[in-house]
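We did not get these values from a lab; they are worked out from the coordinates using the rules stated. Here the structure is a predicted model, which is why all the values come from computation and not from measurement. Using ideal geometry, Cβ is built from the backbone for each residue, glycine included, and neighbour counts are taken over all protein chains shown.
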Amino acid sequence: MITRRQFVNRSLAVTTGVTLTGTIQASLKSKNLPVAVSTWDHGVPANKEAIKILLNGGTALDAVESGVRVPEADPDVMTVGYGSFPDRDGHITLDACIMDEKGNAGSVSFLQHIKHPVSVARKVMEDTPHVMLSGAGALKFALEKGFKKEELMTEKSTAAWKKWLVKSEYKPVINIENHDTISMLAVDKHGNLSGACTTSGMAFKMHGRVGDSPIIGAGLYCDNEVGGAAATGHGEYVMRTLGSFLVVELMRNGLSPMEACKEAVMRTVRTNKDLNRVQIGYIAVNKTGETAGFSLHEGFSFAHSDKEGTTLNKADSYLK
Ligand code: GLY
């Protein structure tokens, strides 16, 4: 009889062509730039798209945007973009942000009916004097920029919502409903760093709730002199420590990507008593292309890609 973990690993290998490693306890080194790192198993197809662009000499900014568009368009990834879990009123509301190597940032929150919020966030960054647009204003801007208004609910997301309505209990299940954000960081062959982050947020959240993902410094932060970091999991806990900014500042002060991700998780551990139903995880990359991931609970994975290929890595965690 095979164990659940062996079953998951085999299923994963069939769908992504990549098997999960054992627990990674130190930062992963890359032989050379470019490099890409992203959250969860759905990071594998996203990273494959990103590294293709990077190995062809593309920019980190193009790589992260194109990479995260892959799960945004995939209806089987039910925590990002098209076909996501809706909020408790049956609406899919999306949050995303992007940062480039010059420290520019763009973000959208509470955006409905647009399949690729990350690309709207990039337009906010490049075509407006603002960093964040929200709700109806973000939708209006997207339509003006030529994005198509679409129904994002699928049969599967509608069925999931109807099932949830029967009990209407809000008890997020860690590593399932929080199996959420696709966050990606990349360093291109010129050593420039960018990041992107996109999600439908917590499944069955209150209508109007916005998480960490579109908040610069919480869901994502990049500094071209130091490195980048991005978050996943319960956004409320990431927002309270401005977790991604914290990881980058810790790396600026000499910590490795792994040490910095761990310390950011520990800030949450030290200030919260009951973390049984909370998952948070961070990924980070530094300027030399070292990457890492670390989470509060076991179960977080991250994808790493360089010229040698793509690996899916089991992140080390505080609670085992
Ligand atoms: N980390 C995604 C969210 O909490 O919305």
Expected vector for segment 183-189, Karplus 3J(HN,Hα) from phi with 6.51, -1.76, 1.60 and θ = phi - 60°, integer Hz, x for Gly and Pro, equals 10, 9, 10, 9, 10, 8, 5
When the helix-only estimate is applied to the chain (DSSP H runs of n ≥ 4, each -39,500 (n - 2.57), divided by the residue count), what is the mean residue ellipticity at 222 nm, nearest 500 deg cm²/dmol?
-> -10000 deg cm²/dmol
With the radius of gyration and the Kirkwood radius both derived from the Cα set of the chain, what is their ratio Rg to Rh?
-> 0.94
Just list whichever of LYS48/LYS189; LYS123/LYS149; LYS29/LYS262; LYS115/LYS189; LYS52/LYS307 have alpha carbons separated by over 21 Å in the model shown.
-> LYS115/LYS189
Which one of PRO71, ALA260, HIS234 is farthest out on the positive end of the charge dipole of the chain, using unit charges on Cβ (Lys, Arg +1; Asp, Glu -1) and the Cα centre as origin?
-> HIS234
Over segment 203-265, calculate the relative contact order: mean separation of alpha carbon pairs under 8 Å at least 6 apart, over the residue count, as a percent.
-> 28 percent
For every other residue with a beta carbon closer than 13 angstrom to the beta carbon of ASP76, add +1 if it is Lys or Arg and -1 if Asp or Glu, then tell me the sum.
-> -3
Using Cα pairs closer than 8 Å and at least 6 residues apart in sequence, work out the relative contact order for the chain, in percent.
-> 24 percent
